[in-house]
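Colleague: Can you keep this structure in mind? I'll have questions shortly.
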Ligand SMILES: *Cc1c(COP(=O)(O)O)cnc(C)c1O
């Protein structure tokens, strides 16, 4: 059972079928004028229309990239370099994806100033604090739509309104929210918005940046002038075709998937919190994606839990796939104000629409057993059995926790 759909998703049959002809039969370069090139060009045009339609944009506002990370880089560096004469201040949050966070870190080394807004224990920023952070030097606000570790959703519409009033460019990373909740660039009041194909059952290595008409960015990749000169390089035609199809399907099935996923999510949250002692939900209960939950269990190591669940056939993660090769506490969970010790006992479960095939009761029982096993071995847990001076006597009679 694959439960890590926030890390990546399976390419859907329909998407794969749509891509297939563009490897061997229709291999033309879209920039050429003869028949086979024109076919590729047509395919790009259709894909661009599909992506645009899915987010209520116009086709010429879509720039294809190599994925979410490149889109974030293009938006942030592109605006920073374009507007650096106007000011060098950027506002963001302290829970951004590394593609945003590390891009901003790079800009700081070039003398840009970055304000990192804190989030509350629910994982949401304060719009008041955002307003206060704005200065005459502020050229860009970049705040993610939904967080990839927590699933919590920021008030993008409201932030967009403020940015627009002040004449500040506003970028949002919508990689996790797209395909899960409505992403409408007009309603959200954004100037730039990042998308990635492989999080919505499309192929890896392709994505898009929405750039509102009239917004100018400096390109990252110079060359033959593809994508209106904003992103040179021969287009990844099969990838873009697959991405276009994935966008179309995601938009068509949005409501159906929302209902299905959110009901499994709610069942999962209820069962975990009521049956596993000292278990908690990380981030807001209400303001969250339908497919993503993040729990923490006291006195265990998330990595050990992942391995025990894997042995039972459930593949989930502790947090973001991007930080699983470092042993640092997740900066996103730490930003919620949690004790670093508690942060280590976290489990992220991200569902796919196919997940209705799995048995929530059985899964939660498996988590409960694994957590119990790990706690038996946990010095942290055992030392905490001492409640009001009453030690657990192993028969557990006097122990409140047992
Ligand atoms: C996955 C992800 C990215 C990176 O997208 P890639 O296509 O893998 O480069 C960026 N932002 C968020 C929120 C993500 O979840």
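Rule-based calculations on the coordinates, nothing more; no lab input. Since we're looking at a predicted model, the values are computed, not measured. Because the Cβ atoms are built from the backbone with ideal geometry, glycine has one as well, and the counts that use them run over all protein chains shown.
Colleague: I need 377, 1, 19, 144 ordered by Cβ neighbour count within 10 Å, fewest first. The partial results should precede the final answer.
Modeller: Working: 377 11, 1 17, 19 23, 144 26.
The fewest-first ordering by Cβ neighbours comes to 377, 1, 19, 144.
Colleague: Let me ask another. With 10 angstrom as the radius, rank 235, 129, 301, 165 by how many other C-beta atoms surround their C-beta, starting from the fewest.
Modeller: Working: 235 21, 129 14, 301 17, 165 11.
In increasing order of surrounding Cβ atoms, one gets 165, 129, 301, 235.
Colleague: If one computes the Cα centroid of region 198-277 and of region 4-44, what distance in Å separates the two points?
Modeller: Measuring centre to centre over Cα atoms gives 16 Å.
Colleague: What is the pair-distance distribution P(r) of region 103-200, computed from all Cα-Cα distances in 5 Å bins starting at 0, with each bin given as a whole percent?
Modeller: 2, 12, 23, 24, 21, 13, 4, 1
Colleague: Does anyone have the angle between helix 68-83 and the longest principal axis of the chain? Alpha-carbon axes, 0 to 90°, nearest 10?
Modeller: The helix 68-83 is inclined about 60 degrees to the chain.
Colleague: Could you give the alpha-carbon Rg of region 160-266 over 2.2 N^0.38 Å, rounded to two decimals?
Modeller: Working: Rg = 15.8 Å, N = 107, 2.2 N^0.38 = 13.0 Å.
Here the answer is 1.21, to two decimals.
Colleague: Right, something else. Ratio of alpha-carbon Rg to the 2.2 N^0.38 Å globular estimate for the chain, to two decimals, please.
Modeller: 1.06
Colleague: Now, a different point. Using only the Cα atoms, work out Rg/Rh for region 46-86, with Rh taken as the Kirkwood radius, to two decimals.
Modeller: Rg/Rh for region 46-86 comes to 1.08.
Colleague: Using every alpha carbon pair in region 20-117, what percent of pairs falls into each 5 Å bin from 0 up to the bin containing the largest distance?
Modeller: 3, 11, 16, 16, 13, 13, 10, 9, 7, 3, 0
Colleague: With every atom except the alpha carbons ignored, what do you get for Rg and Dmax of region 203-273, in angstroms?
Modeller: Answer for region 203-273, Rg first and Dmax second: 18.6, 55 Å.
Colleague: Compute the long axis of helix 98-109 from its Cα atoms, compare it with the longest principal axis of the Cα atoms of the chain, and write down the angle in degrees, 0 to 90, nearest 10.
Modeller: Compared with the principal axis, the helix lies near 70 degrees.
Colleague: Another question, then. Across the Cα atoms of region 13-252, what radius of gyration and what greatest pairwise Cα-Cα distance (Dmax) are found, in Å?
Modeller: Calculated on Cα positions, Rg and Dmax stand at 17.8, 58 Å.
Colleague: Using Cα atoms only, what is the angle between the long axis of helix 35-54 and the major principal axis of the chain, expressed in degrees (0 to 90) to the nearest 10?
Modeller: Relative to the chain, helix 35-54 is tipped by roughly 50 degrees.
Colleague: Can you bin every Cα-Cα distance in region 218-311 into 5 Å intervals starting at zero and give me the percent of pairs per bin, rounded to whole numbers?
Modeller: 2, 10, 12, 13, 12, 9, 10, 11, 10, 7, 3, 1
Colleague: What is the percent of Cα-Cα separations in region 245-363 that go past 26 Å?
Modeller: It works out to 23 percent of all Cα pairs.
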